[in-house]
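Every number here is computed from the coordinates shown, using simple stated rules; none is lab data. Because the structure is a prediction, the values reported are computed rather than measured. Virtual Cβ from ideal backbone geometry, glycine too; neighbours counted across all protein chains shown.
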Ligand SMILES: Nc1ncnc2c1ncn2[C@@H]1O[C@H](COP(=O)(O)OP(=O)(O)OP(=O)(O)O)[C@@H](O)[C@H]1O
Ligand SMILES: [Mg+2]
């Protein structure tokens, strides 16, 4: 490397603070605006990593129209979130993921009751989640889009993880997500996750781009929660319907998720 290149790398490193290591609130929601950025995979794998750190974790599939947490990990569920509308408890409706240490509250079990919820029903579901006190962490996977339901779910999060990839379309949607979240919950804890990053450094640069836009136009400075590298083994594990940390515990993406979990539950 030339002296000039070394200097520019050193300058860049100096501008990038360490990812925030501050305890997340109990309810961690994962949103993005754009579809297909890896929210569901991240929600599952983060839940698994938090459980491995010793916390009790409930993963809630909040993608109400197109729920698929159960499909990604091949989990057979008998109950879903709609049970909360009948007064059942989140604990009673949750399904334990074998050998993974966390439980899933599914978004569907074939009942079809969750596709068209009215706002009062969303509130009943949120009250049911708030009452699930026996879990240290409740991780909520929110569907793509920025509709009323997605915004309401994001607004109750103690910590909102806004997921982007390095693509400009994902960045603009993450920006919109941050903007709406700031309106819906002023002063809330919002952090950025860059998923499917080429390298740690390119992921950090993506976050800096997003942070700069948020600083200039929204007067917000969202910290980096973590960078998760692109890994072909993610799709392989999903195709096999096995939790990623079970199938590829020594992979780079698993190490990245481990660091993310450690930053949220130091
Ligand atoms: N770190 C990663 N490396 C490689 N591939 C990834 C990574 N994270 C996610 N993917 C791939 O991205 C695809 C989409 O993931 P996922 O379904 O979790 O996204 P999503 O944001 O929940 O989508 P939707 O908006 O439709 O709910 C998956 O098929 C998975 O293979
Ligand atoms: Mg999803």
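Taking the criterion of being part of a helix (DSSP H, G or I) and either within 30 Å of residue 125 (Cα to Cα) or in contact (Cβ under 8 Å) with a residue 60 or more places away in the chain (or both), the residues of the range 159-170 that qualify are 169, 170. Go through the range 182-204 and give me each residue that's in contact (Cβ under 8 Å) with a residue 60 or more places away in the chain and either within 18 Å of the chain's Cα centre (by Cα) or surrounded by 16 or more Cβ atoms within 10 Å (Cβ to Cβ) (or both). If the condition is that a residue be in contact (Cβ under 8 Å) with a residue 60 or more places away in the chain and either within 18 Å of the chain's Cα centre (by Cα) or surrounded by 16 or more Cβ atoms within 10 Å (Cβ to Cβ) (or both), then 189, 191, 193, 195, 196, 204 are the ones that fit.
The residues on offer are 61, 70, 80, and the sole one that is more than 11 Å from ligand 2 (Cβ to nearest atom), closer than 17 Å to residue 129 by Cα and either free of Cβ contacts under 8 Å to residues at least 60 places away in the same chain or touching a strand residue (DSSP E or B) at 6+ places or on another chain (Cβ under 8 Å) (or both) is 80. With respect to (1) closer than 20 Å to residue 218 by Cα; (2) assigned to a strand (DSSP E or B); (3) without any contact (Cβ under 8 Å) to a residue 60 or more places away in the chain, the lone exception for residue 103 is condition (1). Residues that are surrounded by fewer than 19 Cβ atoms within 10 Å (Cβ to Cβ) and part of a loop (DSSP other than H, G, I, E, B) are absent from the range 174-181 altogether.
Let's see how each residue does on (1) within 16 Å of ligand 2 (Cβ to nearest atom); (2) farther than 20 Å from residue 88 by Cα:
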| position | (1), (2) |
| --- | --- |
| 130 | no, no |
| 134 | no, no |
| 138 | no, no |
| 141 | yes, yes |
| 161 | yes, yes |
| 170 | yes, yes |
| 175 | no, yes |
| 180 | no, yes |
| 187 | no, yes |
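Among the residues making up the range 211-228, those that are touching a strand residue (DSSP E or B) at 6+ places or on another chain (Cβ under 6 Å) and either farther than 22 Å from residue 262 by Cα or buried (at least 20 other Cβ atoms within 10 Å of the Cβ) (or both) are 222, 224, 225, 226, 227, 228. One residue is enough: does the range 142-158 have a residue meeting the conditions outside any loop (DSSP other than H, G, I, E, B), under 30 Å from residue 230 (Cβ atoms) and free of Cβ contacts under 8 Å to residues at least 60 places away in the same chain? There is at least one residue in the range 142-158 that is outside any loop (DSSP other than H, G, I, E, B), under 30 Å from residue 230 (Cβ atoms) and free of Cβ contacts under 8 Å to residues at least 60 places away in the same chain. If only residues of the range 25-57 that are away from ligand 2 (no atom under 12 Å from the Cβ), touching a residue at least 12 places away in the same chain (Cβ under 8 Å) and surrounded by fewer than 24 Cβ atoms within 10 Å (Cβ to Cβ) are counted, the one that is farthest from residue 241 (Cα to Cα) is 25. I'd like the residue in the range 229-238 that is surrounded by fewer than 16 Cβ atoms within 10 Å (Cβ to Cβ) and away from ligand 2 (no atom under 16 Å from the Cβ) and, out of all such residues, is farthest from residue 266 (Cα to Cα). This residue is 236. Give the range 47-64 a look and list any residue that's within 14 Å of ligand 1 (Cβ to nearest atom), more than 13 Å from residue 104 (Cβ to Cβ) and in a helix (DSSP H, G or I), or say none. Once the filter is applied, which keeps residues that are within 14 Å of ligand 1 (Cβ to nearest atom), more than 13 Å from residue 104 (Cβ to Cβ) and in a helix (DSSP H, G or I), the range 47-64 yields only 49.
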